[in-house]
């Protein structure tokens, strides 16, 4: 894949391992400060606030600056921020207000880094290699952010929260060292359309990218329900009666499914084609929520989660390649940001509504509604996918 991609790959791995640790530790820091459950939730909400509020601006910034310098600069700032949080907590000077501000800034940094990452791949890899590059990046994110990061953070936090946040800061700094070896094939254009909204307009006018973005948003509704309520259903006194460790194994299985799918997605694409793989992910979304709705045994719930995790990774890889191939290079950052704002913007709203509905009608009823939504999305997506040649977009033959 070349030295520049390998540098980007290494930097992504180091930074995402730092993410996995930081996202696990920040709520623990809130608890360490004596925060109420509402305070802990406020920290989590602060981490996710940036996409709907700042997402479009992140895309504009990415399209206007050198992406290598941006990735390096943001990781330096993240390292400094977490180092400051570590020192403040160790010295007893960290407040809840300061922690929430840090969470907001880390969320803003994530919008910049994620947008720059997907927009940089076309600058270091040619069209034929982009699907493979996206698969490697996705596998690395699954491995570091979801599989290794949280357990490692838990072990470190058992010794010292300061140790955990300090290591996260060090990993962000290590990412900068890797990114320094990256050379871009071209630099972002400084002329042309400079409007913040330009990426959103192009996305809306490009039928394939627009439609896939809307389907992603629709499928994120059942995912938001599962994220918000599955823990209540799974852990004792919930119906599944699992311990926290057993619940963690299901989440680990989901991440493993995503990792394996990322590793074999190219072979799956060559054997089954893009259309079938994307339809399989829509089926996986049904399997994420249907076993809970049907009060299925724990093995069925776990199997559905693993299949859903695998399908989600395949969807992200293939859709990312399609978006990269169908987007002008000078707008790619803004197009990605607009797509993420739409598809992720439904998550906090859906999760909040799911919580209210669960209070009124019960958790299983909400999962029944989520299953109905996922089946409706599947029914709509299958005919669209069958009449649209998505394989051309992935191969770059456009």
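Summary table below
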quantity: Per residue, the convex hull volume that the Cα atoms of the stretch 279-398 enclose (Å³); calculated: 104 Å³
quantity: C-alpha center-to-center spacing [the stretch 222-240, the stretch 124-151] in angstrom; calculated: 28 Å
quantity: Spherically averaged projected area in nm², based on the convex hull that wraps the Cα atoms of the stretch 2-147; calculated: 9.1 nm²
quantity: Most mobile listed residue (374, 312, 160) in the chain, GNM with C-alpha springs under 10 Å; calculated: 160
quantity: Per-residue [θ]222 nm for the chain (sum of -39500 (n - 2.57) over DSSP H runs n ≥ 4, rounded to 500); calculated: -28500 deg cm²/dmol
quantity: Alpha-carbon centroids, the stretch 353-375 and the stretch 1-34: separation in whole Å; calculated: 32 Å
quantity: Normalised contact order of the chain, rounded percent, pairs of Cα under 8 Å and 6 or more residues apart; calculated: 27 percent
quantity: Förster-model FRET efficiency, 35 Å R0, residue 260 and residue 382, C-beta, rounded to 0.05; calculated: 0.90
quantity: Within the stretch 316-353: backbone nitrogen closer than 14 Å to the residue 210 label point (7 Å, Cα to C-beta); calculated: 339
quantity: The stretch 44-120 - convex hull of alpha carbons, volume per residue in Å³; calculated: 78 Å³
quantity: Most mobile of 306, 382, 274 in a GNM of the chain (Cα contacts under 10 Å); calculated: 382
quantity: Largest-first ellipsoid semi-axes for the stretch 348-392, taking √(5λ) over the Cα gyration tensor eigenvalues, angstrom; calculated: 31, 11, 5
quantity: Rounded FRET efficiency, nearest 0.05, which uses the C-beta distance separating residue 201 from residue 93 and R0 of 56 Å; calculated: 0.75
quantity: Using alpha carbons only: equivalent-ellipsoid semi-axes of the stretch 282-331, gyration tensor based, whole Å; calculated: 33, 9, 6
quantity: Inter-site label distance for residue 359 and residue 300 at 7 Å from Cα along Cβ, in nm; calculated: 3.1 nm
quantity: Projected-area mean, the stretch 207-253, by convex hull of Cα positions, square nanometres; calculated: 3.9 nm²
quantity: Span per principal axis, largest first, for the Cα atoms of the stretch 198-395 (Å); calculated: 52, 35, 28
quantity: D (Stokes-Einstein, µm²/s), Kirkwood Cα radius, the stretch 60-212, 0.890 mPa s at 25 °C; calculated: 138 µm²/s
quantity: Residue-span extension gain [residue 158 to residue 127] - 0.36 nm each, minus C-alpha spacing; calculated: 6.6 nm
quantity: Per-residue Cβ neighbour rank within 10 angstrom, fewest leading, 299, 361, 315; calculated: 299, 361, 315
quantity: Per principal axis, descending, Cα span of the chain in whole Å; calculated: 54, 51, 35
quantity: The chain: most fluctuating residue of 23, 360, 326 per GNM, C-alpha cutoff 10 Å; calculated: 360
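Quick note: the coordinates plus some simple rules give every number you see, no bench work behind them. Computed from a predicted structure; not experimentally measured. All Cβ positions, glycine included, derive from the backbone under ideal geometry; neighbour counts span all protein chains shown.
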